[in-house]
Amino acid sequence: MTPRQPVNLTFAITDANTPPGVAAVSTTPSPDPTTGPATDEVPLPTLVQADAATLAQVAERAAGDLLAPPTRHRLADVVPAAQHVEPDPTGDWVLPAEAVIVASADPAALAVAEQLANLLRPATGYPLPVTDATTPEPADGIALVLDDTVDLGAEGYRLGITTNGVRVTASTAAGLFYGVQTLRQLLPAAIESPVPVTERWALPGGTITDAPRFPYRGAMLDVARHFFAVEDVLRVVDHLARYKLNHLHLHLTDDQGWRIAVDSWPKLTTLGGTTEVGGGPGGHYTKADYGRIVTYAADRHITVVPEIDLPGHTNAALVAYPELAPDKIAPPPYTGTEVGFSYVDPADERTYEFVADVLGEVATLTPGPWLHVGGDEAFKVNGEVYTGFVERVQRIVADLGKTVVGWHQLAPAAHLDGRVLQWWGTNGEDPTTAEAVRRGAQLIISPGNHAYLDMKYASDTPIGHDWAGLIDVRKAYDWDPGTHVTGVPSTAVIGVEAPLWTESVTSLADIELLLLPRLPAIAELGWSPRATHDWNGFRDRLAGHGPRWETAGITFHRTPEIPWPSTPAIPGQRRTTPTGVNPT
Ligand code: ACM
């Protein structure tokens, strides 16, 4: 338990400068030798319009805030938890206004340095010039060093904070980028402010050595059930980057809408893209739009995984091209939320031309190695017809030089080298998937009852579903992707992904409400060593992110499971976060 901070609390009922009915409340934290200089001083005085009862409440709250454990920006408070942390209380450092960010003379390292500067400049108001150097040293600044001898894999990094400044070392730009995400979290939460604030930008001394547990750490956004503008997707990318996720899976096509332009089949978007759940206007990404998302993500070391769902979930494609339908008759556009009724005709060669054209164009637009071909809930395509279809599609993907990913319904189809199944079951007893793994498949784990971000947190969550159960933060956190599916060794698991289906999600605020705070829970399962797994510790670390999101203007669910601090990151900041449920 952190020692409590002594406090002097003075109340003066009115003074010469205050109008009647107003009290000056003066609070002074006493210096605490165990935590160093106080970093969260309370403004003096605070004026409150109050009657006696309210004053008593204010006094109680002020005392509670000050008596709470002091905010110590501890090295071990990072989410996802770091592999190895060595605090050094003698190494604390305060970012000075004249600090310089120096990076290895390498374009990728310099790009990360610019990203860091762009993160720090708004709140600090400091110029933070970026400069290169052959052998960067902090010298009262921040150094980002590419070093081939750092043996922490493709994404690992080492971060050292001393009285001389900060030094991040990695053998790749991705490693430097993750070091920067950690550094950001070690600064006071006010660093998230979009405008300059007065703050002591203190960092805790010590060393972090860190690398991910799994190479695939992702989230999925369904842009088919409801369409989301490019700007919304970029903001989701930002959230992924903050928690060291490295894959964004876009569910681009479904019964309710086709969202990616395909030149060889243009009506997919001009007809098939104009609908969505509930009858809204839908929309689609031009190739330039999609390219913007891919580039923005790549700049943040995130790979886009495009999904074209086949053979089911294809009503929008059949509306556009009835020749693909089994009866060759155009179905009406679909704006409901049922699944499993539609499919492209597996008996028609034209269907395979369609698949090859679409996947070919999407592959050309996508620099990453993956093509996700869906495969789920094709209830009307069964047995050998289904496996035969999937096997042909798998070969089309391989011929395009891509790695096939599909929902775990692909499991019975013949193995193809490198194929990855995305497991979304709710019961880890799945012999069919385990058998596919024995034949060589690898898994991305997305349990419906732990990782589906469209499930409600609690019965009163205003949006979301509950078919896989309620998923509060603890449920999202307390499971292990490495051992979740019986008979599947952890070596066959490439990682974890949190899908967000959007039947009930219509705005960016809705997306964020369901994402936060569960996305960091999934991120920690993907990144952190199992030995760090600890609900109580995670809950306390996560609590500090509430004020960060609030300061950045990000919506989140203020779930009562998490001991959110009662004070905002910036004294006097308005509590503007729309919480949806359980407002404080
Ligand atoms: C799925 O949830 N139908 C993959």
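DSSP bridge analysis restricted to the chain gives an antiparallel fraction near 40%, rounded to the nearest 5.
Each part gets one Cα centre, and for region 70-113 versus region 394-472 those centres are 36 Å apart. Near residue 267, which lysines are there with a Cα under 24 Å away, not counting those fewer than 8 places off in the same chain? Partners found: 287, 328.
Against the chain, whose longest principal axis comes from its Cα atoms, helix 383-399 is set at around 70 degrees. Express in % the proportion of alpha carbon pairs of region 437-564 at distances exceeding 18 Å. Of all Cα-Cα pairs in region 437-564, 54 percent lie more than 18 Å apart. Placing one equal scatterer on every Cα of the chain and applying the Debye formula, the log10 ratio I(q)/I(0) at q = 0.07, 0.08, 0.13 Å⁻¹ is -0.46, -0.59, -1.33. Based on the Stokes-Einstein relation at 37 °C and a viscosity of 0.692 mPa s, and on the Kirkwood radius from alpha carbon pairs, region 75-190 is assigned a translational diffusion coefficient of 234 µm²/s.
Within region 254-355, the trypsin sites (Lys or Arg not before Pro) that combine a DSSP coil assignment with at most 16 other C-beta atoms in a 10 angstrom radius are 328. By the rule of a C-alpha distance below 19 Å, with chain neighbours fewer than 8 residues away ignored, the aspartates and glutamates paired with residue 456 are 222, 338, 466, 472, 478, 497, 503, 510, 512, 561. Counting alpha carbon pairs within less than 8 Å and at least 6 residues apart, what relative contact order, in whole percent, applies to region 166-244? Relative contact order, region 166-244: 28 percent. Just so you know, the averaged projected area of the alpha carbon convex hull for region 128-217 sits at 6.8 nm². The alpha-carbon atoms of region 369-484, seen along their principal axes, cover 47, 31, 27 angstrom, with the largest extent given first. With viscosity 1.567 mPa s and temperature 4 °C, the Kirkwood radius over alpha carbon pairs of region 283-325 converts through Stokes-Einstein to a diffusion coefficient of 104 µm²/s. Each peptide in 431-444, 376-389 was scored by the mean count of other Cβ atoms within 10 Å over its residues; highest first, the order is 431-444, 376-389.
The Cα atoms of region 203-248 cover 46, 25, 10 Å along the three principal axes, with the biggest extent listed first. When only C-alpha pairs under 8 Å and at least 6 residues apart count, what is the relative contact order of the chain, in percent? Relative CO of the chain lands at 12 percent.
Close amide-amide hydrogen proximity is noted between residue 461 and no other residue 5 or more places distant or on a separate chain, at a cut-off under 5 Å (H modeled in the peptide plane; Pro and chain starts excluded). Below 15 angstrom from the Cβ of residue 472, what's the summed charge of the other residues (Lys, Arg +1; Asp, Glu -1)? So the surrounding residues net to +1. Summary of the geometry: region 478-528 and region 166-222, compared by the centres of their Cα atoms, lie 20 Å apart. Dipole magnitude for the chain: about 660 debye, using +1 per Lys or Arg Cβ and -1 per Asp or Glu Cβ, origin at the Cα centre. Calculated mean residue ellipticity at 222 nm for the chain: -8500 deg cm²/dmol, from DSSP H runs with n ≥ 4 weighted as -39500 (n - 2.57), summed, divided by the residue count and rounded to 500. Taking other C-beta atoms within 10 Å as the exposure proxy, 209, 314 rank 209, 314 from fewest upward.
With a 10 Å Cβ neighbour count serving as the proxy for reagent exposure, in which order, fewest first, do 214, 354 appear?
Fewest to most other Cβ atoms nearby, the residues stand as 214, 354.
Considering only Cα atoms, the convex hull volume of region 281-418 works out to 121 Å³ per residue. Each of 289, 478 was scored by other Cβ atoms within 10 Å of its Cβ. Arranged with the fewest first, they read 478, 289.
Taken together, the values in this text are just the output of simple stated rules run on the coordinates, not laboratory data. Quick caveat, the model's predicted, so the values are computed rather than measured. Ideal geometry is used to build each Cβ from the backbone, glycine not excepted, and the neighbour counts take in all protein chains shown.
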